[in-house]
Amino acid sequence: MAAKGQVDLLLRLDHAKTQLYHVKAVIISGMGFFTDAYDLFCISLVTKLLGRIYYQVEGSPKPGILPPNVAAAVNGVALCGTLAGQLFFGWLGDKLGRKRVFGITLLLMMISSIGSGLSFGSSPKTVMATLCFFRFWLGFGIGGDYPLSATIMAEYSNKKTRGAFIAAVFAMQGFGILAGGVVAMAVSATFGAVYKAPAYSVDPVGSTVPQADYVWRIILMLGALPAALTYYWRMKMPETPRYTALVAKNAEKASRDMSKVMGIEVQAQKEVGEEKVINKSNSFGLLSEEFLRRHGLHLLGTASTWFLLDIAYYSQNLFQKDIFSAVGWLPKATTMNAMEELFKIARAQFLIALCGTVPGYWFTVFLIDHIGRFTIQLIGFFFMTVFMFVLAIPYHHWTLKENNIGFVVIYGLTFFFANFGPNSTTFIVPAEIFPARFRSTCHGISAAAGKAGAIIGAFGFLYAAQNQDKSKVDHPGYPAGIGMKNSLMVLGMMNVLGFLLTFLVPEPKGRSLEEISGENEEVDQAHPTGVETV
């Protein structure tokens, strides 16, 4: 049984009005996700530029490209780091507290973003090796942001608007993707205007000016800026009241923290011995049979749906440029110089994010506490499936020049329903349905399963989308694949499985965290009429 001081505090949190501190917490946590998205997706903008700079073959009719193994490593190594960071920092967040490790993730992101841009070496191999080294540690820091930000926002929120607040933190990813596009367009346009260069078909060597080597470095290093701007405020945040009360067992301190940052007064009753009392049925461990019985299917549901979603989502995101090129929406590389190609890739990503990705995130923010997580996730998986098959089945139709705009519209809708759907809900639900002492760990496990899917998407889609005829693969060095049409069909099937596995996940809408997890089963009996709104 939870002590009375704990009960009062938790009920006050659940019924607290939305106030300035909630907005501040969204911004402080959300800027981490802004940085995450910028750092993870800006690499896809500059991979073709890296190929032109470091892998140009003299006399080749096409611009240089990253070899298959290098392209897979550069795109995927940050995801490997993210997976490791989600597991490590998720566990650490439950052991040491959310706040104590919250700043470490930002420091890692700042240092690694700068290191990525300063990647050194006298040969392409050493430059790519050092770039991959720093991007792994960048991903490690990004990984920690997932369980910590979600858990902190969930534990500060009231039960009526909790979904919207967690969704708003995650929605900052959309602005990070937009920022990546804007920065890449601005830098490439500036360098293109100052250092004029002909198209590749006119002058293969002159089409990539020596100063192009600064461009990708500037774009990657600017990822450190938003992290640096919010580091101070992260360090000033107190520990979440729920962690302090339920895990650290210090309701007095939790009450003081609430009073200081949220203006909520709670009479902390120092009941001798009682603060340490927990219902024995709620004292089970993470690896226990009791956890498996109560939450095993929930963890399977959150992990498997995130895994399947990220296979499709990261395949689409990381290789947008290849998909646009495949249907002719981007001009042939030989008709552009290096800066023009980067600008047009960035513009395409920006437009997709502006029209599909960002609106999808904010539809979730505004509707999640009205129609629920379960419904939004089902809607998202359903329409992602529909639009994937609409693209895949008549694929030849979309490759015709007159149908390019239609392809981009349908492709943009898959992003809209990913974000007004499972890309948002798979992040939100694991922060709500597990007990406080496992919350960060279980979120980290679910998120890591997602990143395992992202790694499959990043490494697998690159190869799978190649032409089935080896003589017609996009670039030399790639083996024959199953083709773009069949690859899109496979992604559609991933969404079907995600739809079905959603039924393993409970609906947390409108319920307190303790009620959902069964952590404080006697709150209702202790206070059958609830408390007044504060």
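The values are calculated or read from the model by the stated rules, or taken from the named source; none is laboratory data. Note that this is a predicted model, so its numbers are computed, not measured. Every residue, glycine as well, gets a Cβ built from its backbone with ideal geometry; the counts of neighbours run over all protein chains shown. Side chains included, ligands, DNA and RNA excluded: accessible areas come from the protein's heavy atoms. Shrake-Rupley method; radii C 1.70, N 1.55, O 1.52, S 1.80 Å.
Here is how the numbers come out for the structure above:
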item: Computed accessible area, Cys355, all protein chains, 1.4 angstrom probe, square angstrom; result: 100 Å²
item: Counted charge near Phe170, where neighbours are those whose Cβ lies closer than 11 Å (Asp, Glu -1; Lys, Arg +1); result: -2
item: Solvent exposure, largest accessible area first (probe 1.4 Å, DNA, RNA and ligands not counted), of Val496, Val70; result: Val496, Val70
item: Inter-probe distance in nm under a simple model that places probes 7 Å from Cα toward Cβ, at Asn69 and Lys125; result: 1.0 nm
item: Cα centroid of the range 166-203 to Cα centroid of the range 393-440, whole Å; result: 22 Å
item: Most to least accessible of Arg256, Arg12, Arg439 (protein chains only, probe 1.4 Å); result: Arg256, Arg12, Arg439
item: Folded to 0 to 90 degrees: helix 289-318 orientation relative to the chain principal axis, Cα; result: 30 degrees
item: Net charge contributed by nearby residues that have their C-beta within less than 15 Å of Pro124 (K/R +1, D/E -1); result: +2
item: Residue-count net charge about Leu138 - beta-carbon cut-off 10 Å; Lys, Arg +1, Asp, Glu -1; result: -1
item: Apportionment of accessible area to carbon and sulfur, the chain, percent (1.4 Å); result: 68 percent
item: Degrees, to the nearest 10: 483-501 long Cα axis against longest axis of the chain; result: 10 degrees
item: Angle in degrees between helix 373-392 and the longest Cα principal axis of the chain, rounded to the nearest 10; result: 10 degrees
item: Accessible area expressed per residue, the chain, with surrounding protein chains retained (probe 1.4 Å, Å²); result: 38 Å²
item: Dipole moment magnitude, nearest 20 debye, the chain about Cα centre, only Lys, Arg, Asp, Glu C-beta charged; result: 700 debye
item: Once exposed loop GluC sites (Glu not before Pro) are cut out (DSSP; at most 14 other Cβ, 10 Å), longest piece of the chain; result: 272-521
item: Per-residue HN-Hα couplings for the range 223-235 [Karplus 6.51, -1.76, 1.60; θ = phi - 60°; Hz; x = Gly/Pro]; result: x, 6, 5, x, 5, 5, 5, 10, 4, 4, 5, 5, 5
item: Farthest positive-ward along the chain dipole, Cα basis, beta-carbon charges - from Leu87, Ile142, Gly51; result: Gly51
item: Cα-derived Rg over Rh, computed across the chain with Rh taken as Kirkwood radius; result: 1.01
item: Sum of -39500 (n - 2.57) over DSSP H runs of 4+, divided by residues of the chain (222 nm, nearest 500); result: -23000 deg cm²/dmol
item: Size of electric dipole in the range 127-203: Cβ of Lys, Arg +1 and of Asp, Glu -1, about Cα centre, debye, nearest 20; result: 260 debye
item: Restraint check, Lys17/Lys451; Lys62/Lys344; Lys253/Lys451; Lys17/Lys249; Lys17/Lys509; Lys344/Lys401, Cα-Cα greater than 27 Å; result: Lys17/Lys451; Lys253/Lys451
